[in-house]
Amino acid sequence: MNIARRSFLAFLIGGAAGTALSPLPWKLTDDLSIWTQTWPWTPVPPDGEYSYVNSVCTLCPGGCGITVRKVDNRAVKIEGMAGHPVNDGGICILGASGLQLLYGPRRVKAPMRRVGERGEGKWETISWDEAIAAAAEKLEGIRSAGNPQGVACMVGDRYGTVPSLFERFMTAYGSPNFMSDAAIEDSYRITLNLMHGKNAIPGFDAGNADFVVSFGSGVIEGWGSPVRMFLAHGKWKDENKTLVQVEPRLSNTAAKADKWVAVQPGTEAVLALSMAYVIIKENLYDKSFVAENAAAFEDWRDDEGKTYPGFKTFVLNGFSPADASKVTGVDPSLIVSLARSFAGAEKPLALCGRGKGNTPGSLHEFMAVHALNGLVGAINRPGGVWAIDVPDYVTWPKPGLDEAARAGLEKPRVDGADGGAYPYTESIISGFADGVNSGSAGYGVEALLVSGANPLYTLRDAQAVRKAFDSIGFVVSFSSYMDETAAQADLILPNHTYLERRQDVPAPFGLNMPVIGMSRPVVPPQFDTRQVGDSLMGIARKMGGSVGDAFGWESYEACLKETMGAAWETLEKDGILVKADYAPEGWGEAFNTPSKKFQFFTGAYRHGENKDLMSQMKIEGEAADFPLILIPYDSMRLASGPVADTPFMAKTIEEDVLIHDDVYVQVNPATAASLNLREGKVAELTTPVGKARVRVHLSEGIGEGVIALPTGLGHWANSKYIAGKGVNVNRLMSPVADPVSGLDAAWGIRAKLARA
Amino acid sequence: MKKAQEHTAPKKYGMVIDLDKCTGCGACMAACMAENNVPFREDETDKNLSITWLRVYKLTNGKKFPNADVCYLPRPCMHCEGHHGHSPCVSVCPATATDYSYDTGIVSQIYTRCFGCRYCMAACPYHVRYFNWWDPVWPEGMEKMLSPNVSVRTRGVVEKCSFCFHRYQIAMEKVRYEGRAELAEDEYQTACTQACPANAITFGDLNNHDHAVYKLKTHPDAFRLLERLGTNPKVYYISSREWVRRQGDNYLENEGKVVAKAH
Amino acid sequence: MDTALIPEGRKRCPLWQFVLFIAVVGAVLLWGVYAMILCWLKGLNQTNMNNAYGFALWIWADLAVIALGGGAFFSGFLKYIIGKDELKNLINYAVIIGFICYSSALLILAIDIGQPLRGWFIFWHANVHSMLTEVAFCLSCYFAVLTIEFIPLILENRQIDKVRFFHNLSHNMHHIMAVFAATGAFLSFFHQGSLGGVAGVLFARPFGFREGVLIWPWTFFLFTWSAAACGPCFTILITKITEKVTRKKLVKDNVIELLAKISGWMLLTYIVAKIIDTWYWAVVTAPEAGFTMMDFYSNNPLYGLWILFLEIVLGGIVPALILITPAGRKNKATLLLATVLAVIGVCVNRWVMVLQVLAVPVMPFESWFMYAPSWQEVATTILPLAYGAILIAIAHRYLPIFPQEPELNPVEQQAG
C-alpha cells in the first residue's frame, strides 16, 4: 500500500517535472498566442493589387465624384474624388459608406417573383427571361384590355437616360401616369418658369455669396448638393461671410449660422416679404436691376387694360415688420436689421426649401424668397441664383403611338397633375395615393412600375399610400435592395447598384454650371442583376408592336452611347463633362417671360390669377384636438430618401435621436412640463393620420408648442441595422397640396403628445 | 538613402480641427470606420458600447430657447505626448501593447499583444479607447469591403484611432523606394481629414514650419481638450465661440475668460 | 464516517450537517461558475461594463478581497518579523483567509481580461512602468508564498501526516516559514501599494490622481497601510463568525485583543493620513485640474458626501477609536462592530478608488457614468465568497487550524 502510494506520487511528481521541462508547455503557450490572434471566425482580408476607379455617386442628387479603392476585384473604400467640380475630394457619410450597400445583406440577388402574401417575404428566384416575360405578359394584358392608362410608373430622378426611358415607355405604352419623386427642385423649377420664363433649375453660386439668408434650408444638412454646400460653408467661415438661418428649430445649420432667427414654423415667407418691405420702404433695393430687368414691381396693367397691384404695393400693404412680427414671432427690429444687412451686402443670397429639400414646399414661399433675390439683383450674377437650363441631352425622336397608346394618353392623370388645377406641374407623386383611393381619374390603376424610388417609405400619409398599393394588382420593383416598396412588390427585376452599372448622372441640384457625370462599373455585378434600362427595354421588346419599336437600341449601353454622342468619349475618360467656362445668360436672353423680364410674382402667373398668392400654408389638424405642431427635421446621419442608413451611418445616429428602438421627440422643457413629461419618458405621439411610441427629449433648441422628429428612421423592410428603429415621420404626416403647384407643401402637422 | 532616413527629424503628427467649420455630418466617422475595418452591430445606440474611433460629440451651451446653441466636436485619439511621451495610457499598459513613438508622435495599439485588461481605458480621460465586447461579425458578403491594410480585431481587445498609421507606413515605403528624405505634407493624411467635406480637419507635422497645422495651432482661438491635466494632446481645436472653448477644459468658477494660450 | 480525517482531540459537527452546508454553498458556487463560464465563452458582453466603465463590480471585489486578505501578510509580519508570538494561534487562519482572498483575486483577474488565454502576456511582455505589471508579479509571487504557507497546514491532516515523507516535509517547511512570511510581507507591501497606485497614477483622471514621492502616488502607501489595518480586522471578523458557526471558542481573547489593538492603532494612523490626503487633494490637486471637491460629489444619483462620511468617519475614525480603547476591544459587541465598520470602510475606499474614478465625468460636456452590474457579474463576484466558505469549512473540519482549540474545547474521551 505504502509502496504503491509512493510510486504513484513519484510518477506524478516525475511526470509533472518532465512535462514542464519538455517543449510541450512552451509550444502550447506559443500556440495559444497564435490561436487567440487568429480565430477562424475572424476574417483576414486578403491582400492583392491596389487600383483606383473614378466614378460618380448617385445615392443622392448631389452628383459627387468618387474614387473607389480596390484590392484585386474587391472595392474596399470610397473616397471623394480630388479636384471634382462638385465635391473636390470631400465626401458625405452616405457616400463614404456606400460599399455597405453594394455588399450589404439586403441586396436583391436575382429576379424574384412573390409566392406568399404581399409583404410576407416569400419569394421564388426566377430567370431573367421568365421575369421579363412575366412583366411583359401582365402589362400586355392590361393594355389589350383597354386600360393602358391603368399602369403607373414612379421614378426617383427626373432627368437622364433612365428616367427618360421610363417616360418613353409610358408614352409608347399609352399611360399618362409617369411620376418622379418630388423635391424642392420641382418648386424651384416652377418658380423659375414663372419668374424667368425658363425651363431651368437653379444654380447657386453660394461659395461667392457674402451674406446668405437661408429660409430653413439645411445648408449643412444635405440641402442641394451636400458636399458642395459644406465647402461653401467652409469658405464663408474662412472669408468671414455671414450666414443667417431662419428656422423654428436649432438645426445644425442654425447652430453654425452667424445668426439664428427662430421663426414660427410655416411663416418663413412672411418674414421674407417683410424683409422686402423694409428693403423697398428704405429704398435699399437694386434699382437698376428692378428698373431695367424686372416687371410687375410697380402696379401694372395687362393687355386688356386691367390693373394689377405690383410687388411693391403688395408688400407694402401687409408685410410691415410690426405686422410680420405678429405672425412670425420675430422681433420687428430684427427684421429691419436683417433686411438692411441683406440689402447692404455686396453679394447677398437668399435660399429656400426646408431641410434637405425632400419636400417640394409651398410655391409662394419660393417665389417670395426668389423675389428677395430679385430685389437685390442677385440673379444670374456671381454669388447669386443662376437659372441653368434643364439637362437637354436626351433628344430622342418621339415614339410612334398606336391607337391604344393614343387613347390611353388622352385620359386624365391619376395624380391630378394635369388639366386646369396645376398647369405648371409635370407630376405630383404625393397626389397619387389619393387619386388611386378616390378613383378620381375615372379608371382603376392595375399596375405600378417603381424604379429608383421607395414611395411606400418616402410618401406621406403612409396608410393612404399603403391602401393605394394594396389596390394595385401588379407592382414591379426595379430596386437593387429589398426596400419597403420592393418588399410589397409582386415582381422584382433588380437593378445593378450604382457601383456596378454605367449610367449618366445629370447636373446635381444647385450647381451653377451644367455638368454631366457618368457613373461606371467599379466592380463587376455581384449578383444576377441587370441595368434597369436593359430590363425595361427587354419588357418593351417582349411586348413588341409600337411599344417594342420605341426602343430600337441594341442595349442600354448602346442607347447611352448614342444619346451622349460627342460627349461619350470625354465621359468615358474623365467620368464628367463640365462646361467650365459657363457664364449665366446675359439680360437679353435671361428671361423668357411675356415681358422678357424678371417677373415679380404678382405678374408671374399666367394662369389662375385669382389664386390667393400669399395664403398661409395650412397644415392638417385642428389646434383644439392637436395642441402641438410636429415638424420633421433632417440630418446628414440619417438618409431619408429611397436609400436607408448604412450600418456605419446607423452607428453615428446621435444618442439624443435614438435609444435602442425608440426615437426621441424633441420637446421644449416648458412644453414637456405642461404635459407632465420628463426626459427619456415614453410617450404616445398622435397626429390626425397616425400615432407612434416615442421617447421625450427635452431640448432648448425648439420653441414651446413645437415638437420635432427626425426623418430617415422607422424603416421596416431594410437590414436589421436600421429596420425597426424609430418611427417613419412620413407615417405621421399627411401631404398638403400647394394651391399653385399641387406638390406636397406640408411643413408639419398638428399633433398631441401624452404619457404612455 | 539609409543615411537620409537617419537624419530625418522626428515628427510630431497632429491635427487641428476647426469647430466653426465642422458641421457634425459624420462623414469623418464613416470614412474612419471604412478605412479601419471598424465592426458594427445591430444596436449601436448605447454610445458607451459603440466603437467609433472618431466620435463626434455634441456640445450645448445650456441656454434657453432661442439662445440655445450647439457645437460638434470630433474627437479622435489625442495621441497625448504627456511629458516626454508619458501619455496617460501608454505607461499603464501592463503588456506594452500600446506605445508612444518618438519618431511620429503617434500612440500605437498592438491588437495581438493586448489581452484586454482595459487599464488604458480607465487612464484615458477622452474615452478614445474602445473594447471589443463582442466578436466582430460581418453579414455575409460584407467582409469583401475589409481593407487588408488594417488588421481585423478580435473580441476582448482594445482598439483606438491610430492616425491611420498604415497610411504613414505606405507613404514612407514610397518615400524610401524613391530615395527621398522626407514625406510631403499631402502624402500622409488621415482618412477623416481626407473625407471631411467641410475641410474642417487639418493634419500634419506640428514640428514642421511648412505644414498648415504648424501655423493653425497658434490661432488665437485654438485650444486643446483637458490641457490642464498635463496630457499634452496633439489634437487642437479652433472655435470662435467662447462657450465652446470653455468646454474644452474644466475651470473653477472664479477663473476668467478662456483665452487661448500661445503654444 | 469521516472521523478518520478529523484532527485528533477536536469535535466536529455531524457529517450530514457538513455535507448539507457544502451542498447549499456549493449551489451558489455553481451559479458563480456558470456565470464565469458564460463570461469566458461568450465574452465580457455578459457584463454591464462598457467603454466608459471598463472596470466594474468584480474589480472592486478584487481590490477589496486583496485588502481584506492583508490580514495574512500583516499577521505574518507581526509574528515572524516583529515577534508577536501570540499570533501563532491565529496565523494559520490568517493564511487560509489570505489564500482564499488571493486565489479569488487571481480568478477574478482571469475572468476580467478580454483574452484570458494570453493573460500571461503580462509577464512575457511586461511593461515595468505599469502598476498593473507590478500588481501581477507581486500578486502571483505572493500567492505562491501563500500556497507554500498553506501546504504545511494541509500536510497536518491526520491521514496525510501519517505518510512519513509528508510529515517530514511539513516539519521542515514549518522551520523555514519565517523566510516565506518575510518574503510574503515584502511582496505584499508592494502589491497592496501598487494596487493603490493603479488609480493614483492616472494623472488624467482627477478623481483618482494623487501626487506622491518618486513614482509612487500617496495612494500607494495608503493602500498598504489600510490593508495592514483592515486585513487583520477581517481575520478577526471571520474568526468570530467561524466561532459563531461552529459554536465554540477557537482563539483566546488575548490573541484577538492584541491583533485588534495593533489594528486599531494602524487604522487610526491610516485614517489621519487619509484625511490629510483627502484634504490636500480637495484643496490643491483637484483645483489645479479645474475641479472643486463638490464636482465629484454632486449632480449624480449615487455619489455624494455621504460616501466620504461612510468611508472616513464610520469606516475609519469610529472603528479606530473603538479598537484602541481597551474597553472597546474587550467588549464582544463593540469589537465586532469595529471590525465590521473597518471592513466596510476599506471596501468603500476600494470602491471609490476604482469605480467612482470612472463614474466622474472628466470632459466638461459629459455627464456622470452610472453603472449597475449584470447578474453574471454579481454571480461571479459572489463565487469567491462561496468558494471561501467551502474552503474554510473543509479546512476547519479536517485540519488543525486553531492550536488553542483543544485547550478551549476539551473533548471528553473521543478517540480517532
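The values are calculated or read from the model by the stated rules, or taken from the named source; none is laboratory data. Remember, predicted model here, so these are calculated numbers, not experimental data. Every residue, glycine as well, gets a Cβ built from its backbone with ideal geometry; the counts of neighbours run over all protein chains shown. Quick note on the areas: whole protein, heavy atoms, side chains included, nothing else; ligands and nucleic acids left out. Shrake-Rupley method; radii C 1.70, N 1.55, O 1.52, S 1.80 Å.
The set of residues in the range A:33-57 that are touching a residue at least 24 places away in the same chain (Cβ under 8 Å) and more than 11 Å from every other protein chain (Cβ to nearest Cβ) comprises A:53, A:54, A:55, A:56, A:57.
Taking the conditions exactly as written (farther than 30 Å from residue A:578 by Cβ and not in a loop (DSSP other than H, G, I, E, B)), does residue A:538 satisfy them or not?
Working: farther than 30 Å from residue A:578 by Cβ: yes; not in a loop (DSSP other than H, G, I, E, B): yes.
It is true that residue A:538 is farther than 30 Å from residue A:578 by Cβ and not in a loop (DSSP other than H, G, I, E, B).
The selection criterion, being at pLDDT 95 or above, more than 14 Å from chain B (Cβ to nearest Cβ) and touching a Phe, Trp or Tyr at 6+ places or on another chain (Cβ under 8 Å), does not hold for residue A:295. Taking the range A:84-131 as the range and being open to solvent by 40 Å² or more (accessible area, probe 1.4 Å), among the basic types (Lys, Arg) and within 11 Å of chain B (Cβ to nearest Cβ) as the test, the residues that pass are A:106, A:109. Taken residue by residue, the range B:195-208 has at least one member that is in a helix (DSSP H, G or I), of a type in the set (A, V, I, L, M, F, W, C), more than 14 Å from chain C (Cβ to nearest Cβ) and open to solvent by less than 20 Å² (accessible area, probe 1.4 Å). Taken over the range A:34-44, the criterion of being of a type outside the set (A, V, I, L, M), part of a loop (DSSP other than H, G, I, E, B) and either open to solvent by 100 Å² or more (accessible area, probe 1.4 Å) or under 25 Å from residue A:520 (Cα atoms) (or both) is satisfied by A:40, A:41. Elements of the type helices (runs of 4 or more DSSP H) sitting completely within the range A:640-756 and holding at least 2 residues that are within 30 Å of residue B:67 (Cα to Cα) and open to solvent by 20 Å² or more (accessible area, probe 1.4 Å): these cover A:669-674.
Out of the residues in the range B:140-155 that are more than 22 Å from the chain's Cα centre (by Cα) and either free of Cβ contacts under 8 Å to residues at least 60 places away in the same chain or under 24 Å from residue C:50 (Cβ atoms) (or both), which is surrounded by the most Cβ atoms within 10 Å (Cβ to Cβ)? Let's see the steps before the verdict.
First pass over the range B:140-155, keeping only residues more than 22 Å from the chain's Cα centre (by Cα): B:140-145, B:155.
Narrowing further to those that are either free of Cβ contacts under 8 Å to residues at least 60 places away in the same chain or under 24 Å from residue C:50 (Cβ atoms) (or both): B:140-144, B:155.
Details: B:140: 9, B:141: 15, B:142: 19, B:143: 18, B:144: 20, B:155: 22.
Applying the filter and picking the extreme gives B:155.
Give the range A:58-83 a look and list any residue that's assigned to a loop (DSSP other than H, G, I, E, B) and either more than 12 Å from chain B (Cβ to nearest Cβ) or closer than 19 Å to residue B:142 by Cα (or both), or say none. Hits for the range A:58-83 are A:58, A:59, A:60, A:61, A:63, A:72, A:73, A:83. In this structure, residue B:111 does not satisfy being of a type in the set (Phe, Trp, Tyr) and part of a helix (DSSP H, G or I).
For residue A:247, state whether it is within 12 Å of another protein chain (Cβ to nearest Cβ), of a type outside the set (A, V, I, L, M, F, W, C), within 20 Å of the chain's Cα centre (by Cα) and farther than 15 Å from residue A:636 by Cα. It is true that residue A:247 is within 12 Å of another protein chain (Cβ to nearest Cβ), of a type outside the set (A, V, I, L, M, F, W, C), within 20 Å of the chain's Cα centre (by Cα) and farther than 15 Å from residue A:636 by Cα.
Elements of the type helices (runs of 4 or more DSSP H) sitting completely within the range C:127-218 and holding at least 1 residues that are hydroxyl-bearing (Ser, Thr, Tyr) and buried (at least 18 other Cβ atoms within 10 Å of the Cβ): these cover C:131-155, C:164-200.
For every residue, the table says whether it meets (1) modelled with pLDDT under 95; (2) out of contact with any strand residue (DSSP E or B) (no Cβ under 8 Å at 6 or more places or on another chain); (3) open to solvent by 20 Å² or more (accessible area, probe 1.4 Å).
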| position | (1), (2), (3) |
| --- | --- |
| C:267 | no, yes, no |
| C:272 | no, yes, yes |
| C:301 | yes, yes, yes |
| C:308 | no, yes, yes |
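Can you tell me which condition residue C:201 does not meet? The list is (1) over 24 Å from residue B:94 (Cβ atoms); (2) out of contact with any Phe, Trp or Tyr (no Cβ under 6 Å at 6 or more places or on another chain), and all the others hold. Result: residue C:201 passes all but (1).
Restricting the search to helices (runs of 4 or more DSSP H) fully inside the range C:264-345 and requiring at least 1 residues that are of a type in the set (Gly, Ala, Ser) and without any contact (Cβ under 8 Å) to a residue 24 or more places away in the chain gives C:326-330.
Among residues that are crowded, with 24+ Cβ neighbours inside 10 Å and farther than 20 Å from residue A:248 by Cα, residue A:339 is not included.
Go through the range A:484-510 and count every residue that is among the charged types (D, E, K, R) and open to solvent by less than 10 Å² (accessible area, probe 1.4 Å).
Taking the range A:484-510 first, the residues among the charged types (D, E, K, R) are A:484, A:490, A:500-502, A:504.
Add one more test, that the residue is open to solvent by less than 10 Å² (accessible area, probe 1.4 Å), and what stays is A:484, A:500, A:504.
Within the range A:484-510, residues that are among the charged types (D, E, K, R) and open to solvent by less than 10 Å² (accessible area, probe 1.4 Å) number 3.
The set of residues in the range C:78-91 being buried (at least 21 other Cβ atoms within 10 Å of the Cβ) and closer than 15 Å to residue C:145 by Cβ consists of C:79, C:80, C:91.
Which one of these is over 25 Å from the mean Cα position of the chain (by Cα) and at pLDDT below 90: C:79, C:42, C:11? Break it down into steps so the answer makes sense when it comes.
Numbers: C:79 fails: over 25 Å from the mean Cα position of the chain (by Cα); C:42 fails: at pLDDT below 90.
Step by step, each of C:79, C:42, C:11 is checked, and only C:11 is over 25 Å from the mean Cα position of the chain (by Cα) and at pLDDT below 90.
Results for (1) in a helix (DSSP H, G or I); (2) surrounded by 17 or more Cβ atoms within 10 Å (Cβ to Cβ), shown as yes or no for each residue.
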position	(1), (2)
C:366	no, no
C:377	yes, yes
C:383	yes, yes
C:386	yes, yes
C:392	yes, yes
C:396	yes, yes
C:406	yes, no
C:410	no, no
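Would you confirm whether or not the range B:165-176 contains a residue that is in contact (Cβ under 8 Å) with a residue 12 or more places away in the chain, away from chain C (no Cβ under 14 Å), open to solvent by less than 40 Å² (accessible area, probe 1.4 Å) and part of a loop (DSSP other than H, G, I, E, B)? No - not one qualifying residue is present in the range B:165-176. Restricting A:523, A:547 to residues that are part of a loop (DSSP other than H, G, I, E, B), open to solvent by less than 10 Å² (accessible area, probe 1.4 Å) and touching a residue at least 60 places away in the same chain (Cβ under 8 Å) narrows the list to A:523. A single entry from B:195, B:184 fulfils the requirement of being within 30 Å of residue B:20 (Cα to Cα), under 17 Å from the mean Cα position of the chain (by Cα) and among the hydrophobic types (A, V, I, L, M, F, W, C): B:195. With the structure loaded, tell me whether residue B:137 is crowded, with 20+ Cβ neighbours inside 10 Å, in a loop (DSSP other than H, G, I, E, B) and more than 7 Å from every other protein chain (Cβ to nearest Cβ) or whether it fails that test. Spelling it out, it is not the case that residue B:137 is crowded, with 20+ Cβ neighbours inside 10 Å, in a loop (DSSP other than H, G, I, E, B) and more than 7 Å from every other protein chain (Cβ to nearest Cβ).
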